[in-house]
Structure formats: C-alpha cells, structure tokens
Amino acid sequence: MPESVPVRCPVCRRTRLYTAPVYPCACGAPTAPGLDPAAEPVVAAHRAWDDEWLTVPCAACGRDNHWPHPELGCPCGTVLRIPVTEGPAAVEPGPADGARSGDGARGREDDRAREDDGHRPPFRPRAIRTARDAVTTAALYLRWLGYRDIRRADQRPPHGIGLAARGLLAQVDPTVRPAGPRDVECLWLTAMTESARCVYFSLAGYTDSARSGADALGVPLFVLDLAGAPQPVNGPAGTLHATGAPRPGTRARDGRA
C-alpha cells in the first residue's frame with residue numbers, strides 16, 4: 001500500500017489523511033512519490049502545466065517516470081499541493097497492480113463481477129496532462145459511478161465541456177479559473193429543463209459562493225487533481241461518490257428521475 005500522511009489545510013484548518021497515488025512503471029512495478037510529513041501543504045492558487053510534474057524514479061528498475069505533483073481537494077474548496085521527498089515511496093504490489101502488470105483480462109473480469117454484485121472496484125485514476133484528459137477522466141469516473149451511454153451534451157455550457165448520460169448532465173471545467181455561482185446555476189437550470197440530475201467537475205476548484213449555491217441546489221461538486229482522481233468537495237458529491245448512480249426506477253429528492 002502507498003504511504004499516507006495527515007494534511008492540514010491552511011485555510012480552514014481541517015486535517016485529512018492523504019494517500020499517495022500509485023502509477024504503473026513501464027516495467028510493471030507500482031511507483032508512488034514519497035510524501036514529506038514534516039512539510040506544510042501549499043495552496044495551489046496559480047496553475048501552470050509545466051510546474052505540475054515530478055520526476056519519480058522506479059524503485060524496481062530505476063527508470064525516471066514523470067507523474068503529476070500530488071494534490072488534495074479540501075472540502076472548503078482549496079486545492080492543496082502536497083510536499084514530496086526526492087525518492088519514491090515504498091509500495092507493495094496489490095491486486096490492482098498485479099492486474100496491470102500481466103493479468104489484465106482477469107482483473108477486468110473481476111471488476112465486472114463486482115459491478116454485477118453491486119460492489120464497485122476502486123477507481124483507477126489516469127493522469128491529467130491536457131484539457132482532453134480532464135474530460136476523459138470525468139467520463140471514466142461517471143462510468144465508474146454506474147452511468148452508461150456517456151456522450152457529449154447537446155447544449156454547450158458557458159465554460160468547459162458538457163457530458164451527458166441517461167438522466168444526468170455533467171460539466172467539466174478544465175480551465176485555471178475557479179468555478180463561480182453562475183456556472184453552477186446554469187448547469188442546474190439546464191438539467192432542470194431536461195429532468196436530469198447534474199454534477200460539476202472543476203480543475204481549479206470553486207469559489208465560496210459557488211459552493212454555497214451548490215449545497216443549496218444539491219449539485220455535487222468535484223475537483224479534478226492532476227493524478228486523475230476526482231475529489232468530492234461538498235455533501236452531495238460525497239454521497240454520489242459513496243452510493244454511485246441511482247438504480248433505474250429510483251427518484252431523487254427533488255422529484256427528478
């Protein structure tokens with residue numbers, strides 16, 4: 001398992017446990033950046049693609065791999081950059097790593113069996129390097145939640161890319177501008193006209209007013225970190241992450257199917 005460290009947000013003072021993301025090296029061994037528990041996290045206020053990458057050597061073969069800098073989306077809406085050490089973290093191969101390094105077919109069969117039983121396998125992140133990667137990650141995450149027939153939305157949102165699935169509209173904002181309340185309200189209104197649920201994905205987080213508005217409207221908000229793991233940042237998002245897509249025939253609290 002990768003190492004975990006407690007991270008305290010300098011804005012809201014909440015402490016959360018952060019686990020280093022694990023990536024497969026070309027040799028098949030799992031690799032993860034080493035975390036520095038003695039250093040304080042830094043607020044990622046300004047994003048620049050060239051500054052978001054680390055060189056992490058593989059502990060097994062010594063190959064230098066380039067992975068996204070570890071980040072954590074705090075529930076207060078702040079994106080935190082996690083301090084790292086120079087060397088890699090010690091990672092023991094797990095079932096998912098074994099599937100990636102030579103047993104992919106069996107791993108996919110196990111995943112489908114768990115989905116059929118109502119138990120989702122762990123979400124497998126994919127590094128985000130471009131805006132297209134952000135949209136792909138959001139689509140993969142929605143499918144992991146249980147949504148099917150994911151496609152580009154018919155209506156283009158004011159910012160970012162719109163995705164649609166049966167009974168759902170999603171907006172993916174890969175810009176470096178935190179999403180505001182108008183962005184959330186426009187998505188919610190569009191979803192209302194189509195009798196659908198909605199969910200928002202942002203690369204740069206949300207303003208305080210956007211979070212407040214989303215809580216009042218019941219809109220799930222997620223932050224996309226560069227490791228490719230969507231982080232829920234409000235109550236509706238946490239519920240969606242835990243329960244997944246509603247089963248056919250169920251209805252939301254606001255009466256939408």
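The values are calculated or read from the model by the stated rules, or taken from the named source; none is laboratory data. Small disclaimer: the values here were computed from a predicted structure and weren't measured. Using ideal geometry, Cβ is built from the backbone for each residue, glycine included, and neighbour counts are taken over all protein chains shown. Ligands, DNA and RNA are stripped out before the accessible areas are found, and what is left, the full protein with its side chains, is counted by its heavy atoms. Shrake-Rupley method; radii C 1.70, N 1.55, O 1.52, S 1.80 Å.
Considering region 163-178, and only residues there that are in contact with a Lys or Arg (Cβ under 8 Å, 6 or more places away or on another chain) and open to solvent by 60 Å² or more (accessible area, probe 1.4 Å), the residue that is nearest to Arg152 (Cα to Cα) turns out to be Arg166. Residue count for region 154-176 satisfying the condition of being part of a loop (DSSP other than H, G, I, E, B), in contact (Cβ under 8 Å) with a residue 12 or more places away in the chain and over 25 Å from Pro122 (Cα atoms): 7. So, Val184, is that one part of a strand (DSSP E or B) and either open to solvent by 40 Å² or more (accessible area, probe 1.4 Å) or not hydroxyl-bearing (Ser, Thr, Tyr) (or both) or not? Considered against the rule, which asks whether it is part of a strand (DSSP E or B) and either open to solvent by 40 Å² or more (accessible area, probe 1.4 Å) or not hydroxyl-bearing (Ser, Thr, Tyr) (or both), Val184 comes out as no.
Could you check region 205-230 and list, in sequence order, the residues that are surrounded by fewer than 22 Cβ atoms within 10 Å (Cβ to Cβ) and either among the polar types (S, T, N, Q) or under 15 Å from Ile161 (Cβ atoms) (or both)? Hits for region 205-230 are Thr207, Ser209, Ser212.
Cβ-Cβ distances below 8 Å connect the following pairs, each with a first residue in region 60-77 that is in contact (Cβ under 8 Å) with a residue 24 or more places away in the chain and on the phi > 0 side of the Ramachandran plot, a second residue that is part of a loop (DSSP other than H, G, I, E, B) and surrounded by 22 or more Cβ atoms within 10 Å (Cβ to Cβ), and a separation of six or more residues or different chains: Gly77/Gly205; Gly77/Val233. Test Ala237 against the stated conditions and say whether it is within 30 Å of Ala32 (Cβ to Cβ), surrounded by 15 or more Cβ atoms within 10 Å (Cβ to Cβ) and at pLDDT 95 or above. Answer is yes for this residue.
Spot the failing condition for Phe201; the list is (1) buried (at least 21 other Cβ atoms within 10 Å of the Cβ); (2) more than 18 Å from the chain's Cα centre (by Cα); (3) not in a helix (DSSP H, G or I), and only one is missed. Every listed condition holds for Phe201 apart from (2). Taking first residues from region 14-40 that are acidic (Asp, Glu) and partners that are outside any strand (DSSP E or B) and surrounded by 14 or more Cβ atoms within 10 Å (Cβ to Cβ), the Cβ contacts under 9 Å between residues at least 6 apart in sequence or on separate chains come to Asp36/Ile82; Asp36/Pro83; Glu40/Pro83. Reported count of residues in region 204-229, each being assigned to a loop (DSSP other than H, G, I, E, B), under 26 Å from Ala20 (Cβ atoms) and among the hydrophobic types (A, V, I, L, M, F, W, C), is 4.
Residues in region 133-152 that are open to solvent by less than 30 Å² (accessible area, probe 1.4 Å) and within 17 Å of Pro236 (Cα to Cα): Ala138, Tyr141, Leu142, Leu145, Tyr147. The set of residues in region 122-153 that are of a type in the set (A, V, I, L, M, F, W, C), touching a residue at least 60 places away in the same chain (Cβ under 8 Å) and not in a helix (DSSP H, G or I) comprises Phe123, Ala127, Ile128.
Within region 188-197, the set of residues being part of a helix (DSSP H, G or I) and open to solvent by less than 10 Å² (accessible area, probe 1.4 Å) comprises Ala191 only.
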